[in-house]
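K.L.:
Before I ask anything, let me first share the structure, which is written out below as structure tokens.
The values are calculated or read from the model by the stated rules, or taken from the named source; none is laboratory data. Only a predicted model underlies this, so the values are computations on that prediction, with no experimental measurement involved. Cβ sites come from the backbone with ideal geometry, for glycine too, and all protein chains shown count toward neighbours. Side chains are part of the model used for accessible areas, which takes the heavy atoms of the whole protein and leaves out ligands, DNA and RNA. Shrake-Rupley method; radii C 1.70, N 1.55, O 1.52, S 1.80 Å.
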Amino acid sequence: MRLVTYVDTQGAERAGALIDGDSAVLSLQLASQHRHGGNASELSSVLALIEAGPHALEAARALVERAPHEAVEPIASVILRAPLQPPPQMRDCSCFELHLRQSFAAARKLRALRTPDPEATLRAMNTRADDRVIETFNRQPIYYKCNRFATVGADDDVVWPSFSKSLDFELEFGCYIARKTKDVAREPASGYIFGYTIFNDISARDTQAVEMSGMLGPAKSKDFDTANVMGPCLVTADEIEDPYDLTMIARVNGEEWGRGNTRDMRWRFEDVIAHISRSETLYPGEFLGSGTVGNGCGLEQLRFLNPGDVIELEVERIGVLRSRITRPEA
């Protein structure tokens, strides 16, 4: 199924499923009430559905197969939120080595361009710090915890943070945890994935360049309202036969800026789940981002966003996550 959280024409936030080629949305709770009566509280939100387990998912699937028209609205008449807004927890991992290498190289070039002789400066630069990050990346999965309250959906604008002059997108996809787990091994870890979505990790590059020398990872550069864009839907795991062979494409104002493929992940979600769950409980609905795919951000090409730009991030089998960049209201 293709699950969404949306605001209906009456202003109520609902859990739904996209139907009719994504042209309409079915309210799962209203559909259940029409079919079976009762409250159907396990279908009141996408998180409630996940927490309720397999029987709730099967009930939702049955409703989609025989969708009562009273519970259906055109997609154009509703407002799409993130699939879980907010998720119970967010971690963004680094799974694509090419992005790391190209981003480090681009950041060095940017620093060199601010000197009288950029080419000489670039040749003389010490890369030991960057090399240590790559070495750590290849030893184990690395990640940071995001601000889950900054999560927005496909119909929300991204508001340019007041403290930044250099804004960028990041093309990622991610998974949601299906059920409570701890100390899970890599092999069975795929069974703990509920589904997948697209993630745009909006980043203030000028702020990031300053704070990363503090050696605590990204912080304020990724912590501002509307920074975590997710959607347009959550595709359940059974709908994607191979999540590690999906084409990923980034466009800005209709122009392709980069593309990659999930097959290039050095660490797959199973690796990440096994790593994070060591002596730590993961809960239903928690989100794990893949990190940026190689060629999946403007920094790698020394290109950045402007107010009014429209970003389209496409991941095969999931869809297109579209966002507009706006300035804060005066």
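K.L.:
Across 5 Å bins from 0, what is the distribution of all Cα-Cα pair distances for region 167-289, in whole percents?
P.N.:
2, 10, 17, 19, 19, 18, 10, 4, 1, 0
K.L.:
Compute, for region 99-207, the length of the dipole vector about the Cα centre, with Cβ point charges of +1 (Lys, Arg) and -1 (Asp, Glu) only. Units Debye, rounded to 20.
P.N.:
Numbers: 17 positive and 15 negative charges, 100 e Å.
Taking the Cα centre of region 99-207 as origin, the dipole is about 480 debye.
K.L.:
Please check which bits of region 25-61 a label hung off Q10 would reach, taking the label as a point 7 Å along Cα-to-C-beta and the cut-off as backbone N under 20 Å.
P.N.:
The answer is 25-46.
K.L.:
Taking one equal scatterer on every alpha-carbon of region 238-325, how large is log10 of I(q)/I(0) by Debye at q = 0.13, 0.15 1/Å?
P.N.:
Log10 of I(q)/I(0), two decimals: -0.54, -0.69.
K.L.:
So which lysines pass the test for K220, namely a Cα distance under 28 Å, with those fewer than 8 places away in the same chain ruled out?
P.N.:
Cross-link targets: K109, K145, K165.
K.L.:
Given R₀ = 22 Å, what would the calculated FRET efficiency be for E316 paired with R101, taking r from the Cβ atoms and rounding to 0.05?
P.N.:
Step by step, r from the Cβ atoms, then E = 0.35.
K.L.:
Here's another thing I want to ask about it. Skip the ligands, DNA and RNA, and give the accessible area per residue of region 114-218 with a 1.4 Å probe, whole Å².
P.N.:
Numbers: 5450 Å² over 105 residues.
Computed with neighbouring chains in place, this is 52 Å² per residue.
K.L.:
Which of the peptides 206-219, 264-277 is most tightly packed, and how do the rest follow, judged by the mean count of other Cβ atoms within 10 Å per residue? If you can, show how the numbers build up before the last one.
P.N.:
Numbers: 206-219: 14.0, 264-277: 20.0.
Sorting 206-219, 264-277 by mean packing, highest first, produces 264-277, 206-219.
K.L.:
Report the Cα centroid-to-centroid distance between region 254-330 and region 116-173 in angstrom, as an integer.
P.N.:
12 Å
K.L.:
Based on Cα coordinates alone, diagonalise the gyration tensor for the chain, multiply each eigenvalue by 5, take square roots, and list the semi-axes in whole Å, largest first. Could the numbers behind the result be given before it?
P.N.:
Details: eigenvalues 265, 102, 50 Å².
They are 36, 23, 16 Å, listed from largest to smallest.
K.L.:
Between L302 and S190, how high is the FRET efficiency from 1/(1 + (r/R0)^6) when r is the Cβ-Cβ distance and R₀ = 51 Å? Nearest 0.05.
P.N.:
Approximately 0.85, to the nearest 0.05.
K.L.:
By how many degrees, between 0 and 90 and to the nearest 10, does the Cα long axis of helix 54-65 differ from the longest principal axis of the chain?
P.N.:
70 degrees
K.L.:
Then there's this: Measure off 7 Å from each Cα along the Cα-to-Cβ vector at E239 and Q89, then give the distance between these two points in nanometres to one decimal.
P.N.:
2.6 nm
K.L.:
Another question about this same structure. Based on the alpha carbons, how large is the Rg to Rh ratio for region 47-181 when Rh follows Kirkwood?
P.N.:
Dividing the radius of gyration by the Kirkwood radius yields 1.12.
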